[in-house]
Structure formats: structure tokens, C-alpha cells
Amino acid sequence: MHGNTNESAPAEAIAGGSPRVAHWKPAHVGRFALMHVIGLGGPFIVGTSLQSWIVCAVLYVVHMFFVTAAYHRYFSHRTFQTSRAFQFVMAWMAQSTGQRGVIWWARNHRHHHRFSDTAEDIHSPVQTGFLQSHMGWIFDESIQATGKTVSDLERFPELRWLDKHWLVPPVVNGLILFAATDLQTSISGFFLSMVLVWHGTFTINSLCHVWGWRRYATTDTSRNNIWLALLTLGEGWHNNHHHYMRSTRQGFFPGEIDITYGILRLMALVGLVWDLREPPAELLEGMQKVRVAVPELRRASQPLG
Ligand SMILES: [Zn+2]
Ligand SMILES: [Zn+2]
């Protein structure tokens, strides 16, 4: 957990040192490419229907919710509490989006906050270029040994099992969809929807560090962007989030729409989750209209991607 709002990157990680050397695992790249071929080409071959589009859209929203509520706000940042049973449900549903195990995701994400936009960052568009920041990180095996940053998650055997067998949830959920619906609905609902969720998620790592405005003078290039917030159910308030990552909500002011937070509030009403964290009042006071510039960042000598 790296929740210090003013945490600076360690000096040795600032650009000017050696850039990270990405190691893309071919199996991940191949699976990713195949999903795109079926997801983007399949609907042209088998056709679509009103039902297939509705299922695609509904599963986009459901899956995006679990990306942001589970992978990000719960497993990576522990911004709220839940039961062990619902923790498992959140892990299963997050992993249904095919973005690998929750422990792997949280480890990478905590690393991103610790080393944001330095040479060490696994997905900085400033350091590594668009391709690596957008999707190369999901294939990348180069930060496996980064110390005990996820021991809070590793103490649960069921999470360790899911993390190790991270393809089980998407395969099982996909088979259920194939058994329960027709081919058109299965192709659009599983393959196309998953590809859209991937690129929706990935915009936060790539575009949300280059497109948008900044309220808080963080040491990274994170931005706030309402279009990306709508696309990702609230993740577009990324500069707010980089400044104070312990808060469950990322939209800090009226108009900063955060659908994930709204759904979590509803879940809290029925007791599924609790102890949702708020940003401290002193971080909000007089800040609604404040705008700050992007910091000058030195770039590593040999960018990736
Ligand atoms: Zn985060
Ligand atoms: Zn970021």
C-alpha cells in the first residue's frame, strides 16, 4: 500500500537511470491477438442481433465495474472492506475480464503508483511509449520479483489459487454464456465485450497520463478526464486518485461522475461492502477550480514500445 499523498519516487528510479526492459510473454500476446481476431471479426461472420448487442453492452458495464471496484479500488488499494466470501466473488468477476490474477494486477498497480512516470514504471506513456503503457504491461513478466508488496492478499489461499489459475474464471463464465445463449450473443457478449473492456481499462494507463487536466501537483503526469471517467465508470479522475489513492471515490467534486462509487454505495446499503473511505476534507477545501501544470519529467534514454 502506497497511500502517502506526497510520496516522491526514489531518486534511483528517476529517469536518467536505466529504462525498464520489458519482457513480453509470447503466450499472452498470442491469446490477446486471438481474442481480437474473434471479437472484432466474429460479429461480421456470424452476424449480430439486438440481444447480442444488449448482452455485449451489459457485460461491458458489469465487467468494467469489477475492474475498477475489485482489481483497482479493493485489491490494489483496499479502499473499502468486505466479507471473505464477497472478496472471492470480486476476484472471480475481476479475473473474468482476462486481465490476469488479482494478486498479479495489484502488485503491478502498486508498483505503478510507487514509480509513476519514472524509468521503473511498467506503464508510463512518458517513459515507455504508448504501446507499452496501453497494453504491453499486461504481457510483461519483468516485474515478478518486487518484494512483499502484496502479502495482504497472498495470505488468502483461495486468492493465491485464483491468481495462479487466472484463466479459470473467464473460461468458465465464457462456457456458461455459450451454453445459455446463441452463437451471435456468445461472440459479442464474450469476445467483443472483453476486447472493449480491455481497451477501456487500458486508456487509464495510456491516455489518462497525457490527456486531461490536473488539479493536484503530483510528481507524475496523471490527469482528470470526464470522457475517460464515463468510459471506465469513474477511473478517469486519475489525477485525484494519484493524489489520494486511499479514497474509494475518485470523483471528488459535484459533476465528477463516478459510477463505480455509486454502485458501491448501493452495495454498502445492503451490507455487501462497508467502510468506504472518503478523501480528507483538507484535500478538497478550495480545490474545485484549481488547475496545475504537468511536471517536467526527464525521460529514460531508451524508451520501450
Ligand atoms: Zn491506483
Ligand atoms: Zn496512473
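The values are calculated or read from the model by the stated rules, or taken from the named source; none is laboratory data. Computed from a predicted model, the values in this text were never measured in an experiment. All Cβ positions, even for glycine, are placed from backbone atoms using ideal geometry, and neighbour counts span all protein chains on display.
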**Positions within segment 209-244 being β-branched (Val, Ile, Thr) and within 14 Å of ligand 1 (Cβ to nearest atom), in sequence order** = 218, 232
**Prompt:** Would you say residue 149 is in contact with a Ser or Thr (Cβ under 8 Å, 6 or more places away or on another chain) and either touching a residue at least 12 places away in the same chain (Cβ under 8 Å) or outside any helix (DSSP H, G or I) (or both)?
**Reply:** no
**Asked** What is the number of the single condition among (1) assigned to a helix (DSSP H, G or I); (2) within 23 Å of residue 149 (Cα to Cα) that residue 55 does not meet?
**Response** (2)
**Prompt:** residue 57 passes all but one of (1) over 20 Å from residue 231 (Cα atoms); (2) surrounded by fewer than 18 Cβ atoms within 10 Å (Cβ to Cβ); which number fails?
**Reply:** (1)
**Request:** Could you pull out every one of the helices (runs of 4 or more DSSP H) wholly within segment 160-207 that has 1 or more residues that are within 16 Å of ligand 2 (Cβ to nearest atom) and closer than 21 Å to residue 65 by Cα?
**Result:** 193-205
**Item:** Residue in segment 74-86 that is more than 16 Å from ligand 2 (Cβ to nearest atom) and aliphatic (A, V, I, L, M) present
**Value:** yes
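Every residue, every condition in (1) modelled with pLDDT of 95 or more; (2) within 15 Å of ligand 2 (Cβ to nearest atom); (3) over 15 Å from residue 260 (Cα atoms); (4) β-branched (Val, Ile, Thr), yes or no:
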position	(1), (2), (3), (4)
48	yes, no, yes, yes
57	yes, no, yes, no
62	yes, no, no, yes
100	yes, no, yes, no
120	no, yes, yes, no
**Asked** Where residues in segment 182-220 are among the β-branched types (Val, Ile, Thr) and surrounded by 17 or more Cβ atoms within 10 Å (Cβ to Cβ), which of them is farthest from residue 128 (Cα to Cα)?
**Response** 185
**Request:** For residue 265, work out the one condition from (1) in contact (Cβ under 8 Å) with a residue 60 or more places away in the chain; (2) part of a helix (DSSP H, G or I); (3) under 28 Å from residue 169 (Cα atoms); (4) more than 15 Å from the chain's Cα centre (by Cα) it doesn't fulfil.
**Result:** (1)
**Request:** Give segment 152-176 a look and list any residue that's buried (at least 16 other Cβ atoms within 10 Å of the Cβ) and in contact (Cβ under 8 Å) with a residue 40 or more places away in the chain, or say none.
**Result:** 153, 156, 159, 162, 163, 166, 169, 170, 173
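Quick grid of which residues meet (1) more than 30 Å from residue 34 (Cα to Cα); (2) among the acidic types (Asp, Glu); (3) surrounded by 20 or more Cβ atoms within 10 Å (Cβ to Cβ); (4) away from ligand 2 (no atom under 16 Å from the Cβ):
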residue	(1), (2), (3), (4)
69	no, no, yes, yes
72	no, no, yes, no
97	no, no, yes, yes
109	no, no, yes, no
124	no, no, yes, no
150	yes, no, yes, yes
**Message:** Given the options 206, 193, name the one that is within 16 Å of ligand 1 (Cβ to nearest atom), farther than 20 Å from residue 256 by Cβ and touching a helix residue (DSSP H, G or I) at 6+ places or on another chain (Cβ under 9 Å).
**Reply:** 206
**Prompt:** Of all the residues that make up segment 219-252, how many are charged (D, E, K, R), within 11 Å of ligand 2 (Cβ to nearest atom) and out of contact with any Cys (no Cβ under 6 Å at 6 or more places or on another chain)?
**Reply:** 2
